[in-house]
């Protein structure tokens, strides 16, 4: 690994393979662990269906509960902004769609790069503001452990390096592009073993809450 | 020879006037030179004032592990033409492909030029230098390394022309059998300008020489030692196909409808985003066209290691391996391992349940 | 790994654009330059070599600028052509070398292109020259009469 090009070739070759293996293995093992374990059989007579309320809750919990919105509007709005910004940057940026198309054969229309650029800038600023709030708000600070800061960092770095790569703020280009890909690989490796897994498990948790309430005939 | 020396002592203005070039001709010449050096038109008066007094530097051109493509390129320069360049801009005292003399006579010319212009001459190098074995490449029985070291010792500056001299280029491509090194790997005590490209654009080579002639100094360089005026912006950022990249419109094949409509060549492996060069504006063949305009993606030939950058027809950021196959294998393995982990958890739970002793009120009463 | 032979070649020639609309921003630049010339007498030169034109853009720009009533040929180090466009004050300067190859292409927004105006030194030189012709026997060298 002597030159930036070698570095780029490594991260998009062996580096990516390693990250992909850890990511897929980790996610599947952790999901199956949860699912195979199952839950105790409920012998009570159902007072309602599970499917409908389960699905409904997966959707309805996307909206913030009014109480928590009133108590912590910044956390809720910031959380929305950066999640949506992250998804737009990840899935609507043309080179990313190209990457997915080239590797998985799936494709969809993207949006103008300069629009993604603006979204990414807002997302980066929001992430920094969220960290600042986490560090300064006494309750949030008390609740935060090392894992919270780690997950913040591995989410933030792909956004930051992507922005730097798009604007060529680090020379030479293969170096900054390599750093961007590497940061995503770090995210992929850390993902299954941290609370980042919520991206997969939130469906299960919400479904279960909704289904359980549905069976009991109460609103979730 | 006397005529040659007289010409050498003359300023460019004197030399042109002697050849009957008018003031308008000189202004036209300066306009073309400023344009070639990628200077704004407002700089023409400054160029004219500097060229009027400029004296032609002696240039020694050394060709090492190269294909002569860079020399071929400079002979295509039209502004100034190679003839103009040799008569007006520089005194090309040694270039073993272009000069008439050969063997000892040629080497004598090189030594004479070095002696007469001690500390003032320019050395142009094309080709990389083999460090593996001095015998891999020699000229007149002198190894490339030795010739470069002794020629560079008295030079004002070194201009590494072409990607081989600038970064090692093709001879240095994996597995680098000759131990090829770039000029800047070896020369540390003199200014080195890298004019990269395989080959560099003709007028970029002459533009750098003209800059030295005009201002007596080297142009501002980027992090890789390349002149900013020519290598300051990426091909991608100056490409006329760029708006289509931003819109997500890509050519799928060479010369398909999209390619002809000017859609982006990124999918066909264009290295424009990583390549810094002047092709998009200066173009080739006197401004006729350039690779991307002809419908072929940029190879990134002005960048280090372009030969080993993962395939000319592979997009820059796309992983090399077969993702679907790998993901399939890993998913199968994951399912197996996950099921095993789940089964283990179930058995742990079942064992715990089996070991569980039922406690009755009587038991509690007995203990207390 | 994708290889060259994996990329198909398909030749289609319908609906190919004649240019890439890069002339329009240059026309806007010329518009600003004309405003400066009209109000502040400030001239502007645009080096078309520094513009990343796509195929057809240069032709489009020259066509849209059109040709006015003045065309000049300059014979010095090759034949250059200069002409005023249909927009007065906007000149095209097409410098060619002795082989007819283009060495510079510029737009000058000015009343008369600078290179066309006679240089003051050339005026004194020509005065001397004419003086010599009219008075071949006079030994005095200067044609300039000191007042």
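Every number in this text was worked out from the coordinates using simple rules, so none of it is lab data. Values in this document were obtained by computation on a predicted structure and should not be read as measured data. We place every Cβ from the backbone using ideal geometry, glycine too, and count neighbours over all the protein chains shown.
Output the Kirkwood hydrodynamic radius of the protein assembly as shown, Cα pairs only, in Å rounded to one decimal. All intermediate terms of the calculation are to be shown ahead of the outcome.
Details: mean 1/r = 0.0320 Å⁻¹.
Kirkwood radius, the protein assembly as shown: 31.3 Å.
Suppose R0 equals 25 Å. What FRET efficiency, 1/(1 + (r/R0)^6) with r the Cβ-Cβ distance, do residue A:133 and residue A:199 give to the nearest 0.05?
On the way: r = 22 Å, r/R0 = 0.87.
That pair, residue A:133 with residue A:199, gives E of 0.70.
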Could you state the number of Å between the C-alpha centres of region B:14-51 and region A:135-157? 63
Hey, what's the per residue convex hull volume over the C-alpha atoms of region B:324-367, in cubic angstrom? 59
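Using the Cα atoms as the points, what is the convex hull volume per residue of chain B in Å³?
On the way: hull volume 95.7 nm³, N = 368.
That works out to 260 Å³ per residue.
Compactness ratio of region C:23-113: Cα Rg over 2.2 N^0.38 Å, N = residue count?
On the way: Rg = 13.0 Å, N = 91, 2.2 N^0.38 = 12.2 Å.
Relative to the 2.2 N^0.38 Å estimate, region C:23-113 comes out at 1.06.
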State the Cα centre-to-centre distance between region A:177-201 and region B:234-270 in whole Å. 31
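Determine the shielding of peptide B:332-343 by partner chains: average, over its residues, the number of Cβ atoms on other chains within 10 angstrom of each Cβ.
Numbers: counts 2, 5, 12, 5, 3, 6, 12, 6, 4, 6, 9, 3.
The mean count of partner-chain Cβ atoms within 10 Å per residue comes to 6.
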Folded to 0 to 90 degrees: helix C:120-134 orientation relative to chain C principal axis, Cα: 50
Per-residue average of other protein chain Cβ atoms inside 10 Å, peptide C:97-106 -> 6
Simple spin-label estimate for residue B:133 and residue B:111 in nanometres, 7 Å along Cα-Cβ: 2.8
Pick from B:66, B:18, B:357: which residue has the top mean-square fluctuation in a GNM of chain B where Cα pairs under 10 Å get a spring? B:357
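Set the Förster distance to 35 Å, then compute FRET efficiency between residue C:21 and residue A:169 from the Cβ-Cβ distance, nearest 0.05.
On the way: r = 30 Å, r/R0 = 0.85.
The formula returns an efficiency of 0.75 here.
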I'd like the FRET efficiency for residue B:75 and residue C:8, computed as 1/(1 + (r/R0)^6) with the beta carbon distance as r and R0 of 41 Å, rounded to 0.05. 0.65
Note: residue C:99 to residue C:132 extended length (0.36 nm per residue) minus current alpha-carbon separation gives 8.4 nm
Fluctuation leader among B:223, B:113, B:160 - chain B, Gaussian network, Cα springs under 10 angstrom: B:223
Given only helices, namely DSSP H runs of n ≥ 4 each adding -39500 (n - 2.57), what is the per-residue ellipticity at 222 nm of chain A, to the nearest 500 deg cm²/dmol? -24000 deg cm²/dmol
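Kindly rank A:69-75, B:92-98 from highest to lowest mean number of other beta carbons found within 10 Å of each residue.
Working: A:69-75: 12.7, B:92-98: 19.0.
Averaged packing, sorted descending, gives the order B:92-98, A:69-75.
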Would you mind computing, in nm to one decimal, how far apart the modelled labels at residue A:74 and residue B:176 are, each placed 7 Å from Cα along Cα→Cβ? 5.3
Mean-position separation - Cα centroids, region C:26-92 and region A:83-124, in angstrom: 41
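Can you divide the C-alpha Rg of region A:68-180 by 2.2 N^0.38 Å and report the result to two decimal places? Kindly include the intermediate steps, with their values, before the conclusion.
Details: Rg = 16.0 Å, N = 113, 2.2 N^0.38 = 13.3 Å.
Ratio of Cα Rg to 2.2 N^0.38 Å: 1.20.
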Full extension between residue B:366 and residue B:217 adds, at 0.36 nm per residue less the Cα distance, a length in nm of 43.4 nm
Shielding by other protein chains, A:19-31, mean Cβ within 10 Å: 5
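Given the -39500 (n - 2.57) contribution per DSSP H run of 4+ residues, what per-residue ellipticity at 222 nm results for chain B, rounded to the nearest 500 deg cm²/dmol?
Values: 18 runs with 159 residues, N = 368.
Theoretical 222 nm ellipticity from helices: -12000 deg cm²/dmol.
If we count other beta carbons within 10 Å of each Cβ, what is the order of B:364, A:127, fewest first? Write down the numbers at each step before the final one.
On the way: B:364 9, A:127 21.
Ranking B:364, A:127 by Cβ neighbours within 10 Å, fewest first, gives B:364, A:127.
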Given Cα pairs under 8 Å that are at least 6 residues apart, what percent is the relative contact order of chain A? 41
Given labels modelled 7 Å from the Cα in the Cβ direction, how far is it in nm from residue A:209 to residue A:44? 1.9
Gaussian network model of chain C, Cα within-10 Å springs - most flexible of C:134, C:37, C:65: C:134
